[in-house]
Amino acid sequence: MHHISPEQIAKDLLNVEAVFLSPEEPFTWASGLHSPIYCDNRITLAYPIIRKHIARGLAQIISEDFPGVEVIAGTATAGIPHAAWVAELLNLPMVYIRSKPKDHGKGNQIEGHLIKGQKMVVIDDLLSTGGSVLSAAQAAKKEGADVIGVVGIFSYQLKAVYANFEEANIPFRTLTNYTHLIDVAAQEHYIKEETLETLKQWREDPKAWSEQFD
Ligand SMILES: O=P(O)(O)OC[C@H]1O[C@H](OP(=O)(O)OP(=O)(O)O)[C@H](O)[C@@H]1O
Ligand SMILES: O=C(O)c1cc(=O)[nH]c(=O)[nH]1
């Protein structure tokens, strides 16, 4: 099967303007970190060709790296649509994982039919610290899933993501990452030289950069 390259996915994200830059008034991430960049992968849902690139790329990684998978899980909310398309391509069952158990109805955190011992790959759209998807993976493990891997569209390659996945002892893969995004943005002049400098500086120490805005 033809591999969709990390550069192509980075280009897709830039082309659909999923990458937002605001160095003066930084974004606040799920982890509480402040950042000059926000990658809104939800925008890709509006583009059938691009969401197909993503689904095929994720399905391919899963087939190659996690061949024993028996169920695909999507994290609420942004992981769910991609998980559904990947489950469809791989002809596998799908569940989704809420960030917290529901406070009414059945009180579920994992929604759908999960069989104990089932080998699961969890899909999130994006990994910053990995905290969200790992907490989803822990919830699935508590319900009896055997989480064999995590896949996503994009990783910022933060030190925290490597440390957190190592601690959880779960492997992860992404279609593209910050290195590819910045390379493509620089080569194809998507981002002003001055902003690129800020993005390179931010990357040296995202925590210290964030602390200026606490
Ligand atoms: O790796 P992390 O540090 O946990 O950050 C990444 C998470 O943050 C975003 O979700 P968000 O909490 O904004 O919720 P959403 O999916 O409902 O939009 C994103 O979709 C990831 O799940
Ligand atoms: O860490 C986050 O919350 C986050 C960062 C980002 O670039 N995009 C996103 O959807 N969430």
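Numbers below:
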| read-out | value |
| --- | --- |
| For the chain, average projected area of the Cα convex hull in nm² | 12.4 nm² |
| Difference of contour (0.36 nm per residue) and Cα-Cα distance, F27 to A163 | 46.6 nm |
| The chain - mean residue ellipticity at 222 nm from DSSP helices (-39,500 (n - 2.57) per run, n ≥ 4, rounded to 500) | -12500 deg cm²/dmol |
| Per-peptide average of other Cβ atoms within 10 Å, ordering 40-47, 79-86, 119-126 highest first | 119-126, 79-86, 40-47 |
| Spatially proximal aspartates and glutamates relative to K159 (Cα-Cα < 14 Å; intrachain offsets below 8 disregarded) | E167, E204, D205 |
| Protection proxy ranking of 17-24, 133-140, 158-165 - average other beta-carbon atoms within 10 Å, highest first | 133-140, 158-165, 17-24 |
| Value of Rg to Rh for segment 52-141 (Rh from inverse mean 1/r over Cα pairs, i.e. Kirkwood) | 0.95 |
| Spin-label pair E17/T77, simplified geometry with 7 Å Cα→Cβ offset, distance in nm | 2.1 nm |
| Simple label model, 7 Å out from Cα along Cβ direction - E7 to K141, nm | 3.8 nm |
| Rounded tilt (10° steps) of 80-90 against the dominant C-alpha axis of the chain | 60 degrees |
| For Y178, Y38, order by how many other beta-carbon atoms lie within 10 Å, fewest first | Y38, Y178 |
| Virtual spin-label span in nm between K207 and K100, 7 Å along Cα→Cβ | 2.7 nm |
| Gyration tensor over alpha-carbon atoms, segment 107-186, equivalent ellipsoid semi-axes in Å | 27, 12, 10 |
| Rounded Å value of the spacing that divides the Cα centres of segment 1-58 and segment 115-154 | 20 Å |
| Furthest towards positive pole of dipole, V19, G32, V69, structure part segment 1-93, Cβ charges | V69 |
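Computed from the coordinates by the stated procedures, all read-outs in this text should not be read as laboratory data. Everything numeric here is computed off the predicted structure, so don't read it as measured data. Cβ atoms come from the backbone with ideal geometry, glycine included; neighbour counts cover every protein chain shown.
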